[in-house]
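Engineer: The structure's right below; bear with me while I get my questions together.
The values are calculated or read from the model by the stated rules, or taken from the named source; none is laboratory data. All of these numbers come straight from a predicted model, not from anything done at the bench. Cβ coordinates were reconstructed from backbone atoms using ideal geometry, including for glycine residues, and neighbour counts include every protein chain displayed. For the accessible areas, the whole protein counts, side chains as well, though only heavy atoms, and no ligand, DNA or RNA atoms are used. Shrake-Rupley method; radii C 1.70, N 1.55, O 1.52, S 1.80 Å.
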Amino acid sequence: VGQRWIFFMLLLIAVVGTVIPFVRYLNVRFTPLQVEPPPGGVIVRQAVWIGLFVVICAWLQIPRALNLPIAFLLGLVFTVIEVFLRSREIQNERDD
């Protein structure tokens, strides 16, 4: 059982490390020129969301409980949480 958790931890680290450059590219590419790109903490957090998505999908695949609607709903939940957090951060930056 201990090896399974080590696998999930290493999978999370591998996915996050692999996805960080792509997340940074997407943030720089789709941020308007007038607005400064998001800080590094936001990029890491977004990469961790993707890593958690992959790890949870792998975990759900063990008992064969993962299917397309569950994966879509899980991705939607992570997206909504990130949009909520990012909108609050942008609002706080504008207030300062």
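Engineer: With the requirement that a residue be under 20 Å from Ser87 (Cα atoms), without any contact (Cβ under 8 Å) to a residue 12 or more places away in the chain and among the basic types (Lys, Arg), what does segment 25-74 give you?
Structural biologist: Answer for segment 25-74, where residues must be under 20 Å from Ser87 (Cα atoms), without any contact (Cβ under 8 Å) to a residue 12 or more places away in the chain and among the basic types (Lys, Arg): just Arg29.
Engineer: Given the criterion open to solvent by 50 Å² or more (accessible area, probe 1.4 Å) and modelled with pLDDT of 95 or more, identify the matching residue among Phe22, Phe78, Phe8, Phe30.
Structural biologist: Numbers: Phe78 fails: open to solvent by 50 Å² or more (accessible area, probe 1.4 Å); Phe8 fails: open to solvent by 50 Å² or more (accessible area, probe 1.4 Å); Phe30 fails: modelled with pLDDT of 95 or more.
Answer to the selection: Phe22.
Engineer: So the check is Cβ under 7 Å with 6+ separation or different chains; which pairs have a first residue in segment 13-24 that's farther than 15 Å from Phe53 by Cβ and a second one that's among the aliphatic types (A, V, I, L, M) and crowded, with 18+ Cβ neighbours inside 10 Å?
Structural biologist: Matching pairs, first to second residue: Arg24/Ile43.
Engineer: Right, here's the next one. Given the chain, what helices (runs of 4 or more DSSP H) lie entirely inside it while holding 1 or more residues that are among the hydroxyl-bearing types (Ser, Thr, Tyr)?
Structural biologist: Numbers: elements: 2-30, 40-61, 68-95.
In the chain, the matching helices (runs of 4 or more DSSP H) lie at 2-30, 68-95.
Engineer: Kindly indicate whether any position in segment 35-47 is of a type outside the set (D, E, K, R), in contact with a Ser or Thr (Cβ under 8 Å, 6 or more places away or on another chain) and either open to solvent by less than 80 Å² (accessible area, probe 1.4 Å) or modelled with pLDDT of 95 or more (or both).
Structural biologist: Looking only at segment 35-47, we keep the residues that are of a type outside the set (D, E, K, R), and these are 35, 37-44, 46-47.
Narrowing the set further to residues that are in contact with a Ser or Thr (Cβ under 8 Å, 6 or more places away or on another chain) leaves 37-38.
The next check asks that each one be either open to solvent by less than 80 Å² (accessible area, probe 1.4 Å) or modelled with pLDDT of 95 or more (or both); those that pass are 37-38.
Checked segment 35-47: at least one residue is of a type outside the set (D, E, K, R), in contact with a Ser or Thr (Cβ under 8 Å, 6 or more places away or on another chain) and either open to solvent by less than 80 Å² (accessible area, probe 1.4 Å) or modelled with pLDDT of 95 or more (or both).
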